[in-house]
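Data block below; observations after.
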Amino acid sequence: MAPETAYVIDFDGTVTTKDITTELGLYFGGTKFIEIDRSYQAKEIPIRGWLQAEVTLLPVDLEKLKSKAFEWAQIRPGFKSFLQKAHAGNNLVIIASDGLGFYIEPILEHFGLRGEVDLIYRNDTFINKQGLLEILNPHAHPTCVVCGNCKARVVVQQKAAGRPVIYIGDGSNDRFGASWADLIFAREDLAHSCEKHNLAYSPWEDFYDIINVAEPKLTDREAGSLCLPLGAGVNSNQHGGVRR
Ligand SMILES: [Mg+2]
């Protein structure tokens, strides 16, 4: 039986209580990372540039990075129950992350949750042949330079397969994927972005708030969407989310 609804879920600050990519930047990059983050918040650089700048500040030691990630990794309350309920209802659970990515599967494994997640779209952080830390964006849009991981395309692909999408997130860059979803659960910066861009959303604190939600109808969201994942993406000069 084909899955009924797809949940597209951000990882950092959504599945986990803390944004581990930001924590790593702050811990190892200090004031240099704060300046990079200020440029991102001011929309001077997109999230892809933010990630590329961050990796230059981190130690070239993935084990060390992973052990710090584990120190900060806490799963948001209700996630395990939510996963069980989602699968009992024959739904698809997808994680779409635009963070450093390398710690996602290890953290899910550690908490006994890896087998409950159907698909993971994430960036990859690795040590290259020059001995430098590098971030790869295997799920980026082919020309749009804004996001490292094109979450909007993940949403659109699920809808094209006939599944309504529920988007769950907390970050401002989640607005692109969320704008295509049939139902948005937003907290923190994503909630602010939804208000700014007139996207209807439900506020949430933990996964118990989402567990009993009624599944939405598949709806065409193109008119209110903030980018064109199967078209030109986002205009690179307008990180605020204006389409080409
Ligand atoms: Mg997040």
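Picking from residues in the stretch 33-59 that are outside any helix (DSSP H, G or I) and open to solvent by 70 Å² or more (accessible area, probe 1.4 Å), the one that is modelled with the lowest pLDDT is 43.
Per the listing 80, 64, the residue uniquely farther than 20 Å from residue 148 by Cβ, basic (Lys, Arg) and in contact with a helix residue (DSSP H, G or I) (Cβ under 8 Å, 6 or more places away or on another chain) is 80. Considering (1) touching a Phe, Trp or Tyr at 6+ places or on another chain (Cβ under 6 Å); (2) open to solvent by less than 10 Å² (accessible area, probe 1.4 Å), the lone condition that residue 169 does not fulfil carries the number (1).
Looking across the stretch 177-189, the residues that are out of contact with any Gly (no Cβ under 7 Å at 6 or more places or on another chain), open to solvent by less than 20 Å² (accessible area, probe 1.4 Å) and either more than 12 Å from residue 221 (Cβ to Cβ) or more than 12 Å from the ligand (Cβ to nearest atom) (or both) come down to 181, 182, 184, 185. For residue 26, are the conditions met, namely being in contact (Cβ under 8 Å) with a residue 60 or more places away in the chain and either open to solvent by 30 Å² or more (accessible area, probe 1.4 Å) or not small (Gly, Ala, Ser) (or both)? Considered against the rule, which asks whether it is in contact (Cβ under 8 Å) with a residue 60 or more places away in the chain and either open to solvent by 30 Å² or more (accessible area, probe 1.4 Å) or not small (Gly, Ala, Ser) (or both), residue 26 comes out as no. The residues in the stretch 82-107 that are within 16 Å of the ligand (Cβ to nearest atom) and open to solvent by 50 Å² or more (accessible area, probe 1.4 Å) can be counted, and the count is 0. Every condition in (1) buried (at least 21 other Cβ atoms within 10 Å of the Cβ); (2) more than 19 Å from residue 167 (Cα to Cα) is met by residue 66 except one, and the failing one is (1). Restricting 139, 110, 192 to residues that are modelled with pLDDT of 95 or more, surrounded by 13 or more Cβ atoms within 10 Å (Cβ to Cβ), within 14 Å of the chain's Cα centre (by Cα) and of a type outside the set (A, V, I, L, M, F, W, C) narrows the list to 139. Output the residue which, of all residues in the stretch 2-23 that are hydroxyl-bearing (Ser, Thr, Tyr), in contact (Cβ under 8 Å) with a residue 60 or more places away in the chain and in a loop (DSSP other than H, G, I, E, B), is farthest from the ligand (Cβ to nearest atom). Once the filter is applied, the top-ranked residue is 5.
Would you confirm whether any residue within the stretch 20-42 is basic (Lys, Arg), over 21 Å from residue 190 (Cβ atoms) and over 18 Å from the mean Cα position of the chain (by Cα)? Scanning the stretch 20-42 turns up at least one residue that is basic (Lys, Arg), over 21 Å from residue 190 (Cβ atoms) and over 18 Å from the mean Cα position of the chain (by Cα). Looking at 220, 170, 174, 206, just one residue is of a type in the set (D, E, K, R), more than 28 Å from residue 29 (Cβ to Cβ), within 16 Å of the ligand (Cβ to nearest atom) and touching a helix residue (DSSP H, G or I) at 6+ places or on another chain (Cβ under 9 Å), and that residue is 206.
The values are calculated or read from the model by the stated rules, or taken from the named source; none is laboratory data. These numbers come from a predicted model, not from an experiment. Glycine gets a Cβ as well: all are built from the backbone with ideal geometry, and neighbour counts include every protein chain shown. All accessible areas refer to the heavy atoms of the entire protein, side chains included, with ligands and DNA or RNA removed. Shrake-Rupley method; radii C 1.70, N 1.55, O 1.52, S 1.80 Å.
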